[in-house]
Amino acid sequence: GNSVTQMEGPVTLSEEAFLTINCTYTATGYPSLFWYVQYPGEGLQLLLKATKADDKGSNKGFEATYRKETTSFHLEKGSVQVSDSAVYFCALGVLSGGYQKVTFGTGTKLQVIP
Amino acid sequence: SQTIHQWPATLVQPVGSPLSLECTVEGTSNPNLYWYRQAAGRGLQLLFYSVGIGQISSEVPQNLSASRPQDRQFILSSKKLLLSDSGFYLCAWGTEDTQYFGPGTRLTVL
């Protein structure tokens, strides 16, 4: 079956540090890949996505590249801010019988300190 | 633009009581709709999905049920809540290649 593995948290960084959150996946077929962000007490927000190999998704300074050869979709940001503190979920989605079946990682909590 | 609403935002219910959570979507027609549960400190578990009015599929056996009485309305119900039903319930609507989530309902069963 499909699965997503992302690095254990929490990750604690100082403001303006470089961020990498690792994500690898196992899937049959050609999945789309996503990063979602969840702020405390809120729902998930789509941060970025990539739908095919070598695509780069980007949003709000975050980037991730769909690497089929390494089955990875690592999230990066060059300079984090306190407001980036949240839980980040890597996910993959495949079409199955008319709907999109999404498999989520367990989430990585990021804490950015001033 | 599309908007998804959930209510109530928080709910505290005694064991054995009924449950009704509502989700509505604006700005799109015939969306795929999903209910997820997020238990404390864990990932998301898909509970139900719907590809059209009256069409409900369940991913896991449990004492919850779902209904879709209108195109953009999705309801999660239970006749008798269990302690293990506590969690954060998220509704999502989807296109063919992306899902978008609502703000969630925090349910505490005591």
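Values quoted throughout were computed directly from the atomic coordinates according to the rules given, and no laboratory measurement underlies them. Since the model is a prediction, treat every value here as computed from it, not as a measurement. In this analysis, Cβ positions are derived from the backbone assuming ideal geometry, glycine residues included, and neighbour counts consider all displayed protein chains.
With a threshold of 30 Å on the Cα-Cα distance, the over-threshold entries among A:109/B:79; A:109/B:80; A:49/B:80; A:68/A:101 are A:109/B:79; A:109/B:80; A:49/B:80. Starting from the Kirkwood radius over alpha-carbon pairs of chain B, derive D by Stokes-Einstein at 20 °C in a medium of 1.002 mPa s and give it in µm² s⁻¹. Result for D is 154 µm²/s. Extension gain for the segment residue A:68 to residue A:111, taken as residue separation times 0.36 nm less the Cα-Cα distance, is 12.5 nm to one decimal.
Sorted from longest to shortest, the spans of the Cα atoms of the protein assembly as shown along the three principal axes equal 49, 38, 34 Å.
Placing a label point 7 Å from the Cα of residue A:12 along the Cα-to-Cβ direction, the residues of the stretch A:74-114 with a backbone N closer than 19 Å are A:80-88, A:108-114. In straight-distance terms, cross-link reach from residue A:77 covers every one of the aspartates and glutamates whose alpha-carbon lies under 19 Å from its own, apart from those fewer than eight places away in the same chain; here that gives A:8, A:15, A:16, A:54, A:55, A:63. If contacts are Cα pairs under 8 angstrom and at least 6 residues apart, what is the relative contact order of the stretch B:1-87 in percent? Reported relative contact order: 33 percent. Of the peptides A:104-112, A:55-63, B:48-56, the order by per-residue mean of other Cβ atoms within 10 Å, starting with the highest, comes out as A:104-112, B:48-56, A:55-63. Take each residue in A:37-46, count the other chain C-beta atoms within 10 Å of its C-beta, and the mean is 5.
Peptide B:88-95 has a mean of 2 when you count, residue by residue, the C-beta atoms of other protein chains within 10 Å of its C-beta.
Annotation: the antiparallel percentage among DSSP beta bridges lying fully within chain B is about 90. Peptide A:25-32 is shielded by partner chain Cβ atoms: per residue, an average of 0 of them sit within 10 Å of its Cβ. One chain, two ends: residue A:101 and residue A:79. Fully extended at 0.36 nm per residue, the span grows by 4.6 nm beyond their Cα-Cα distance. Along the stretch A:6-19 the Karplus relation, 6.51 cos²θ - 1.76 cosθ + 1.60 evaluated at θ = phi - 60°, assigns HN-Hα couplings of 10, 5, 5, x, x, 9, 10, 10, 7, 4, 6, 6, 8, 10 Hz to successive residues, with x for each Gly and Pro.
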